[in-house]
Each structure stands twice: as C-alpha cells, then as structure tokens.
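Chemist: Please read through the structure below; I'll follow up with questions.
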Amino acid sequence: QLQLVESGGGLVQAGGSLRLSCVASGLIYSTDVIGWYRQAPGKQRELVAEITSGGSTNIADSVKGRFTISRNNVKDTVYLQMNSLKLDDTAVYYCNCRGRRGVYWGQGTQVTVSS
C-alpha cells in the first residue's frame, strides 16, 4: 500500500514563496508519475504539476514560470517550489501518484495567500 504525506503549506503574503513536500511511503515504481493538484473552494481539483522518475515534467500554464516541481527518487519525495504566489493560488494542495496500481492521493495541505 502506498501512502503520500504532504507538508509545507501555510499562510504567505502575495509575492512570497513556499515549498511543499510529498513523502511517499511504500513501493514506488519507476513508471509512477507523481504530481501536485489543487482545489480551491467551489472549484474543481486541477493539476498543478507532475513529474516522472526520469525528471520529465508537466506544468500547468497558470503556474508556469512561478512553480517548479522536483523529485528525489532516493528519498521518494517530490517537492513543489512555489514562487511569486498570487491570491488565486490559495487552495488545498494534494499530492498524487498514478501508475499501474492506480491512483493514490495524500490528505492535502492548505496554502493561503494573503494580500
């Protein structure tokens, strides 16, 4: 069984930065894609960024140039570096792992950007 645990959320002023971490406990396959999604109140959950074990990334247009995703395969940890945060970035951020076993989600971490 795979568990994903997020950390690093919090309250930050607009223009500030945060780094989210997602630690995976359990077996990670090299074909697993790990990513970050977010869900704001009243909105659908949306992809923010995802990364393969080889380092290929897919970044949402809304955060491109501001957010960076990285992966440490030894530590089974994925990071989301968020810079130049905007009010619209306020959401619960979820770690996601998808692969041949299916899809797994973390419990989420709140990111709140204030003016």
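The values are calculated or read from the model by the stated rules, or taken from the named source; none is laboratory data. These numbers come from a predicted model, not from an experiment. All Cβ positions, even for glycine, are placed from backbone atoms using ideal geometry, and neighbour counts span all protein chains on display. Keep in mind that these areas ignore ligands, DNA and RNA; they rest on the heavy atoms of the full protein, side chains included. Shrake-Rupley method; radii C 1.70, N 1.55, O 1.52, S 1.80 Å.
Chemist: What's the number of the condition GLY42 fails, among (1) among the small types (Gly, Ala, Ser); (2) touching an Asp or Glu at 6+ places or on another chain (Cβ under 8 Å); (3) free of Cβ contacts under 8 Å to residues at least 12 places away in the same chain?
Modeler: Every condition holds for GLY42 apart from (2).
Chemist: I would also like to ask the following. Looking at (1) open to solvent by 70 Å² or more (accessible area, probe 1.4 Å); (2) among the acidic types (Asp, Glu); (3) farther than 23 Å from VAL12 by Cβ, can you tell me which one ASP61 breaks?
Modeler: For ASP61, the exception is condition (3).
Chemist: So which of ASN96, ASN83 is within 17 Å of GLY9 (Cβ to Cβ) and in contact with a Lys or Arg (Cβ under 6 Å, 6 or more places away or on another chain)?
Modeler: One residue alone meets the criteria, ASN83.
Chemist: One residue is enough: does the stretch 87-101 have a residue meeting the conditions under 21 Å from SER114 (Cα atoms), surrounded by 15 or more Cβ atoms within 10 Å (Cβ to Cβ), among the acidic types (Asp, Glu) and touching a strand residue (DSSP E or B) at 6+ places or on another chain (Cβ under 6 Å)?
Modeler: Within the stretch 87-101, one or more residues are under 21 Å from SER114 (Cα atoms), surrounded by 15 or more Cβ atoms within 10 Å (Cβ to Cβ), among the acidic types (Asp, Glu) and touching a strand residue (DSSP E or B) at 6+ places or on another chain (Cβ under 6 Å).
Chemist: From SER84, SER114, SER56, grab the single residue that is small (Gly, Ala, Ser), open to solvent by 50 Å² or more (accessible area, probe 1.4 Å) and under 21 Å from GLY16 (Cα atoms).
Modeler: Going through SER84, SER114, SER56 in turn, just one is small (Gly, Ala, Ser), open to solvent by 50 Å² or more (accessible area, probe 1.4 Å) and under 21 Å from GLY16 (Cα atoms): SER84.
Chemist: Consider the stretch 53-70. How many of its residues are in a loop (DSSP other than H, G, I, E, B), of a type outside the set (Asp, Glu) and modelled with pLDDT of 95 or more?
Modeler: Residues flagged as in a loop (DSSP other than H, G, I, E, B), of a type outside the set (Asp, Glu) and modelled with pLDDT of 95 or more within the stretch 53-70 amount to 7.
Chemist: Working only within the stretch 1-26, note down all residues that are part of a loop (DSSP other than H, G, I, E, B), of a type in the set (A, V, I, L, M) and either open to solvent by 40 Å² or more (accessible area, probe 1.4 Å) or within 11 Å of GLN81 (Cα to Cα) (or both).
Modeler: Of the stretch 1-26, the ones part of a loop (DSSP other than H, G, I, E, B) are 1-2, 8-9, 14-17, 26.
Checking which are of a type in the set (A, V, I, L, M) leaves us with 2, 14.
Of everything in the stretch 1-26, just one residue is part of a loop (DSSP other than H, G, I, E, B), of a type in the set (A, V, I, L, M) and either open to solvent by 40 Å² or more (accessible area, probe 1.4 Å) or within 11 Å of GLN81 (Cα to Cα) (or both), namely ALA14.
Chemist: Mind listing just one residue for me: the one in the stretch 27-45 that is more than 11 Å from the chain's Cα centre (by Cα) and part of a strand (DSSP E or B) and, of those, surrounded by the most Cβ atoms within 10 Å (Cβ to Cβ)? Reasoning before the result, please.
Modeler: Here is the first cut: in the stretch 27-45, the residues more than 11 Å from the chain's Cα centre (by Cα) are 27-33, 39-45.
Now drop any that are not part of a strand (DSSP E or B), which leaves 33, 39.
Details: VAL33: 16, GLN39: 14.
Result: VAL33.
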